[in-house]
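The values are calculated or read from the model by the stated rules, or taken from the named source; none is laboratory data. On a predicted model such as this, the values are computed, not experimentally measured, just so you know. Don't worry about glycine lacking a Cβ; one is built from the backbone with ideal geometry, like all the others, and counts go over all protein chains shown.
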Amino acid sequence: MHTKQLHLITVYLLLVCLVAGYLILATEFPLAYIYFTYEDLYGEWGQTYLFLFAGLFSAWLAINALSYRGFFLLLGIACLYTVLEEISWGQRLFGFESPYVFDQYNLQQETNIHNFFTGPFHSTIKNLIEILMVLAFVAYGVIYPVLVKRRWSFALWFEDRGIAAPPGYLWPFYLLAAPLELGLLHYNEAEVAELLIGSAILIFTMHYWFAARHQPKTYPHMHWDNATSRSFSRYLLLAFATVSLGSLVTSQWLLSQPESRARIEDRVLNGTEKFALRFANRGKWDEAAEFYRRVYDADPSRASVLRRLVDSYQMQGETDDYRHYYRILLEQSLPPDAVTSRNVSVNLSLAHSYRKGGDVEKSSYYLQRAYELAGKAFALSPDSHEAVYALARVLERMGRMEEAHSRYGRCVELAPGSGACRAGVRRVQRFMETAGTSPAVPSR
């Protein structure tokens, strides 16, 4: 290997590992992807440590470098601010309650500033900020280094005023981060963008720190020879290994604390539910059912999740699972007095619901009960079109189509203007014609 280019190989290997790793997680291990993109977990703590170390290198440059001191002072302050915002100024580590102003007006009720303007939902301000960030990534990380290298007067004007250009080899980080920041895939990929930007800024500050320390005579430019490339690569690998270790240790420590673990698990559940919905919207019913089931098993009180789980199993064609969870949903959604109701419609609805759930015994019970109630009402008021209509509905549901057709016909005689009675006649008549039978003559 030509070791003069080892630093480039190291940088791009880190990039490939980061992007390919998240791509594999998103497509093959979506639950792990959630753990690597959601708050208080590995990916976010990785961002925090990337900006922390970038801030430390910036501080060194602000104190010791021969040029760009003002720029690195501002960059160090920006990195420190980013770190404090990422940990909600210590709230994520120590779990203190949000002060009143943050609890009332912060979009996530957290002790940070950026969530006064942006939150988990899209808004005009959030979209505008994202667009401005994307433009900044491309303009500063991709275009500016090229223009400085080509000595364009416009770019040199900024450089003369102390705006340090990122090393040219970092452009893929910025270019890949730009579309991910917009979140167009709805896979929480903005977190991956922040990891890419954090990585780029850390490598950027390390590049200038290395040049200032090891080649002060040519700073800010660096002359790459074999020894320099190898040494810089070792520093890079050590820095990213430390970031990874810090992220792992901090995440595991938070998971070991009961209070923070409960908070994290609740967020993971919310993320799992969101991913289940994304799978459902894409017609991936197997994955949707798996994720909805995880959420339901962890928190059975989420009725909406149970409904979507039932829908997912139905779309998937998993009859046994569909019927099992449908019966649970049915029992949960029944009004307290439904099982003893003497209302024909309620009993018909129960019969239909239990039939959908595969419980033939209960379906037959409620259908027979509806028939008895409708028969008693008809016996008391044989000239009431409501009683006749109720009996016709039950007969239709029981498959006694000739009798149902006769009763619907009688209902039309009693209430010529009733659309429900006429619809019943047409519906049963179509069924009988399809079955090859003749409609019965209406009777009283």
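Assorted remarks:
- On the stretch given as the range 345-397, residues that are among the small types (Gly, Ala, Ser), assigned to a helix (DSSP H, G or I) and without any contact (Cβ under 8 Å) to a residue 40 or more places away in the chain total 11.
- The range 248-274, residues that are in contact with an Asp or Glu (Cβ under 8 Å, 6 or more places away or on another chain) and in contact (Cβ under 8 Å) with a residue 60 or more places away in the chain: SER251, LEU254, SER260, ARG263, ILE264, ARG267
- Tally of residues being farther than 22 Å from LEU185 by Cβ and touching a residue at least 12 places away in the same chain (Cβ under 8 Å) across the range 275-313: 13
- Selection within the range 174-221 - within 23 Å of VAL16 (Cβ to Cβ), outside any helix (DSSP H, G or I) and either over 34 Å from the mean Cα position of the chain (by Cα) or not aromatic (Phe, Trp, Tyr) (or both): LEU182, GLY183, LEU184, LEU185, ASN188, GLU189
- All positions within the range 331-344 that are more than 39 Å from the chain's Cα centre (by Cα) and either touching a residue at least 24 places away in the same chain (Cβ under 8 Å) or assigned to a helix (DSSP H, G or I) (or both): THR340, ARG342, ASN343, VAL344
- Every condition in (1) more than 42 Å from the chain's Cα centre (by Cα); (2) assigned to a helix (DSSP H, G or I); (3) not acidic (Asp, Glu) is met by TYR313 except one, and the failing one is (1).
- Verdict on GLU433 being among the acidic types (Asp, Glu), out of contact with any Lys or Arg (no Cβ under 8 Å at 6 or more places or on another chain) and modelled with pLDDT of 90 or more: no
- Only a single item in (1) at pLDDT below 90; (2) buried (at least 17 other Cβ atoms within 10 Å of the Cβ); (3) among the hydrophobic types (A, V, I, L, M, F, W, C) is not met by VAL441, and it is number (2).
- Residue in the range 147-157 that is assigned to a helix (DSSP H, G or I), β-branched (Val, Ile, Thr) and farther than 29 Å from LEU23 by Cα present: yes
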